[in-house]
Structure formats: C-alpha cells, structure tokens
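Written below as structure tokens is the structure these notes are about.
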Amino acid sequence: MFAILIFVLLSITAQLKADHGFDVRHYLSTVTTYDVVKDIVKASANSTPDGCTPIHLNLVARHGTRSPTNKRMRELDKLASHLEELIKDAEEQNLSLEKVPSWLRGWKSPWRGKLKGGELIRKGEEELYNLGIRIRERFPELFEEEYHPDVYPIKASQVPRASASAVAFGMGLLNEKGSLGPARQRAFAVTSESRASDIILRFHDCCGNYKVFRKRQEPAVDKLKEPVLDEITSALVSRYGLNFTRQDVAMLWFLCKQEASVLDITDQACGLFSPFEVALLEWTDDLEMFILKGYGNSINYRMGVPLLEDVVQSMEEAIKAKEEKHAPGSYEKARLRFAHAETVVPFSCLLGLFLDGSEFQKIQREEPLELPSKPPRSRNWRGSTVAPFAGNNMLVLHSCPANSESKYFVQVLHNEHPILMAGCGSDFCPFEEFKEKIVAPHLKHDYNSMCTVHLEAPEQKPVATKASSPF
C-alpha cells in the first residue's frame, strides 16, 4: 500500500512538472494574479442568443494585486531572524550546509523597513485599468452614453486598495472620453460607505454573528491543515538539513505566494517545495476559504444578501426604464463595485457558482457539503479561480424581445467568462427564473436578525468535519 502511495505521489509530481513546466503562479489560491488565471476557464456550453441586447451590467470585483499588510511584513521580518538562527545553529553543530539554498543565507524580507503595507501595487492598477478597457469594448451599447455618476455609479469599500482599484478601472473605462492631459482622461466619482455600516460591500465587518462564528471556527481549520504542514515540514527538514518548524513552513509558503505574485520571483521560497507540496499547500488555503468565507457555513454567504438585493433592484429599475422608454442618459446602465475576497466569495456562493445541481439543492436545503477534495483529486473550488486578485462577477441583463419564454435574461460572467448557475442549469437565465430559483430562497434571511449578536448567540456549526479522502 505504501509503495502504491509513493507511486501515485511521484506520478502526480511528474505530471505537474510536465504540465507546461509547472508554473507555481497558477497555484497561489487567492494570492494569484488576474492575468495568470483570467483565461483559464471551464467553458460554458451556452452563449448569448441572437436578438438579445445588453441593457444593464452589475460588476462586483475584488481589488487588484497588493503588497503584504503591515502585520504580514512584521511576520516576514521575524521569519528572517528565525532563518538566521537556524543556519547559525547548524553551523555551531558543524552540520553541512551544502543542501541549503544560497538565497536563504542572509535573507532579508524585501519589505524590510517599509512602514505601511496592503496598498494596491502597479500590477494591481494595470489589472483593473485593463479590465475597464475590456468591458467597455465588450459592451459598447452600455457605455456609449456621456459619463454621469447616476448613469455609471462606481462604488468601493472604504479601504484604500479597493478605492484605488475603482479609480484604475474608471481610468480604463473612460480612457479618451475626456479632455485632461495627453490621454484625454476625465474626472469621475467613486463613492464609499463607512466601514462601520457598509453592509453592501463589507458585510463581514458589520455582521457580529459571523465574527463569533469565525473566531470559534479558526482553531478547527488550523487543525485540519496541521497534517499537511507537518508532512511538508518533515520533508523540508530532511531535504535541506535545517530544523524547520510548522510555523516556518507556513511562513515560507506565505513568502512564496508574495514573491511569485508581487515580485515575479518563483525560484526562491517557492523553489523549496515540490510541485505536489505546492498543490497541497494551495489546498489548505482553499480549504480555509471554503470553511470561513464560502460554502462551509450558510452565514458566510447569506450575510451578503444586501448586496444581492442591491443587484436585483438595479436590474428591476433597468427593466422599468426599458419598458417605460426613458430617455437615454436619464437612467442607470451599469453599477460598478470594488471590494474584497470577503465580498466576491460570498457573492459567488449566493449565485450558486462552482456547484453541480445536487450540491445546489443541498445548499437550498441548508444541508452540508463535502469539503474540497484533497490533491491529487480534482476540485472546482480553487481560490485562484474563485477570487484571484481583481477576480470579478458580472451580471449582464439582456433584453430579448423576440424570445417567447422571457423578454429579459441574466447572464453571469465570472472573470469575464460565462459560468453555469446551478440553479438555472445555464449561464443565461430568464430574469424571473433567476429571481425565483436563485435569489428568493436567500431573501427569507434578514441581515439584521441573522447578524445581531444576542447575549447567548447559538454556536454556528461547520458543514463538514473532515476532508474527503485523497485516494
């Protein structure tokens, strides 16, 4: 049995290496940059029917690639000090350092001495700027009007990297639409709600019961990740001759993700791990996202109902403007929002994305789902596709006057590609069916009653207790 296990692991590693040379940048969970994954999709079998015209667009996007936060930069400084101690201890014991990568000796954090972090970096600016250009080119009918903040409202959470992402997107969307400077830019408005009361884009910050659930659940999540971290820690100690701890490995994995996504360095921290170890570490990140932000518990996504209601309300207003033949320029044509993974992930769950039909039915009945399958088994739930940097969901409302089934349809695009809504069995869903099958089941949950912490709030239970077997 052991020999079979080793054979399977070696086969997977060989396959990963053979697959276009294995690029670790495809395996960074939610730290993956947008350009790496935006064209890697599971193609939808459906396309927009002839005779249909887009009349409104909703965008919910994550901020672009950012630098590490202040807390994480301090942790990297501590990692540098501990790596120095490990090498010094090995030298004092006269142990060979031949297997230790040269970059590890004397390594210092690239962000050492930096006082502020978490900001949108140039790569992130480009991700959103180019997204704005592509959306305008893809939907010229929606963006032919003269800009007005009531026609094209741009909203962001009150976090600088989100508002900066909104600005970068707006610059792309409205490029050459004004008279400012050589690029013919124009001014535009970005509005935000207070972080303390923004239940549209930062509902997780305002939901007391979610905070209670998350605090209680985090130790259990860490426990699920421990076997993988312990296995890889043992492998690294043997491979490099340094007495790494589980915490060292977790931080080296974090460093790998930051180096690869922010600095395009893939041969230092990332080079410490085999391709299969990278796949396992990515799975632990995806597992955490599933349990604490995704389908792992219904409160994770049902606290996002105010955002879903806002989306539907904008569509109903667009239909009313169409039916009543409002004058061009007098009604909204796109509602553009910029926030966080904690926004995009729950919103994707509210739409029933990355599920098959049976899983969607379980969610509707509030029954538990199995945790994402552990490598080498495949899985739909991957942070790199669900919510990479600049990851986004677009809901495009179409007018289809010749259609006998429905005059209005909703199409969902995830990272700019059509994606199946399990509740409709299609990416192109009649508006009334969209409201009945996807939206209505969530609306029985009131945000305030769901999120208000009572003196003896019932403990939220996770939907699953163990990961499915990898073999």
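The values are calculated or read from the model by the stated rules, or taken from the named source; none is laboratory data. These numbers were taken from a predicted model, which means no experiment stands behind them. Using ideal geometry, Cβ is built from the backbone for each residue, glycine included, and neighbour counts are taken over all protein chains shown. When the accessible area is computed, the model is the full protein with side chains, heavy atoms only, and any ligands, DNA or RNA have been set aside. Shrake-Rupley method; radii C 1.70, N 1.55, O 1.52, S 1.80 Å.
Among beta bridges from DSSP that stay inside the chain, the antiparallel ones total about 70%. Ranked from largest to smallest solvent-accessible area, with a 1.4 Å probe on the protein heavy atoms, S194, S384 come out as S194, S384. Packing here is the average count of other Cβ atoms within 10 Å per residue, and on that basis the peptides 82-95, 232-245, 326-339, highest first, run 326-339, 232-245, 82-95. For the range 293-334, the dipole from Cβ point charges (+1 on Lys and Arg, -1 on Asp and Glu) about the Cα centre works out to 180 debye, to the nearest 20.
Cα centroid separation, the range 204-263 to the range 278-336: 29 Å.
With protein chains left intact and a 1.4 Å probe, residues in the chain average 46 Å² of accessible area per residue. Here the gap between R74 and N243, fully extended at 0.36 nm per residue and compared with their Cα-Cα distance, gives a gain of 58.7 nm. Among the listed values (i) 33; (ii) 41; (iii) 57, the one computed from these coordinates for percent of Cα pairs over 36 Å apart is (i). Membrane-span-like helices in the chain, defined here as complete DSSP H runs extending at least 15 Å along the helix axis by their C-alpha atoms with mean Kyte-Doolittle hydropathy no lower than -1.0, are 2-18, 160-173, 208-240, 246-258, 275-292, 305-323; this is a sequence and geometry rule, not a statement about a membrane. Spin-label pair S358-R184: with each label point 7 Å from Cα along the Cα-Cβ axis, the two points sit 5.7 nm from one another. At a 1.4 Å probe, what is the % contribution of carbon and sulfur to the accessible area of the range 280-396? Carbon and sulfur together cover 44 percent of it. Multiplying the residue separation of A327 and D35 by 0.36 nm and subtracting their alpha-carbon distance yields 101.3 nm. Based on Cα contacts under 8 Å between residues 6+ apart, the chain shows a relative contact order of 27 percent. Ordering 148-156, 116-124 by mean Cβ neighbour count within 10 Å, with the highest value first, yields 148-156, 116-124.
When the C-alpha to C-alpha distance is required to be over 20 Å, the pairs from K325/K407; K78/K293; K177/K320 that qualify are K78/K293; K177/K320. For the range 275-368, the relative contact order is 36 percent, taking Cα pairs closer than 8 Å that sit 6 or more residues apart in sequence and dividing their mean separation by the residue count. Remark: the chain carries a charge dipole of roughly 680 debye about the Cα centre, counting +1 on each Lys and Arg Cβ and -1 on each Asp and Glu Cβ. Shape verdict for the range 105-263, please, from the Cα gyration tensor: rounded (a/c under 1.5), prolate (a/b greater than b/c) or oblate. It is prolate, given that a/c is not under 1.5 and a/b is the larger ratio. Over the range 173-325, Cα pairs under 8 Å with separation of 6+ residues give a relative contact order of 20 percent.
Solvent-accessible area of the range 160-267 (1.4 angstrom probe, protein heavy atoms only): carbon and sulfur portion equals 52 percent. Partnerless cysteines in the chain, where a partner means another cysteine C-beta under 4.7 angstrom, comprise C206, C349. Residue-wise HN-Hα couplings along the range 297-302, as the Karplus relation 6.51 cos²θ - 1.76 cosθ + 1.60 with θ = phi - 60° gives them from phi, are 7, 5, 5, 4, 10, 6 Hz; Gly and Pro carry x.
The amide H of I55, built 1.01 Å from its N in the peptide plane, has L397, H398, S399 as neighbours under 5 Å, considering only residues 5 or more places off or on other chains.
Computed from point charges on the beta carbon alone (+1 for Lys and Arg, -1 for Asp and Glu), the dipole magnitude for the range 203-348 about its Cα centre is near 440 Debye. Keeping all protein chains in position, work out how much accessible area T30 exposes to a 1.4 Å probe, and write it in Å² to the nearest 10. Surface open to solvent at T30 totals about 30 Å².
Extending 7 Å from Cα along the Cβ direction at T266 and again at E366 yields two label points whose distance is 4.5 nm. Between the range 377-410 and the range 126-170, how far is it from one alpha carbon centroid to the other, in angstrom? The range 377-410 and the range 126-170 have Cα centres separated by 18 Å.
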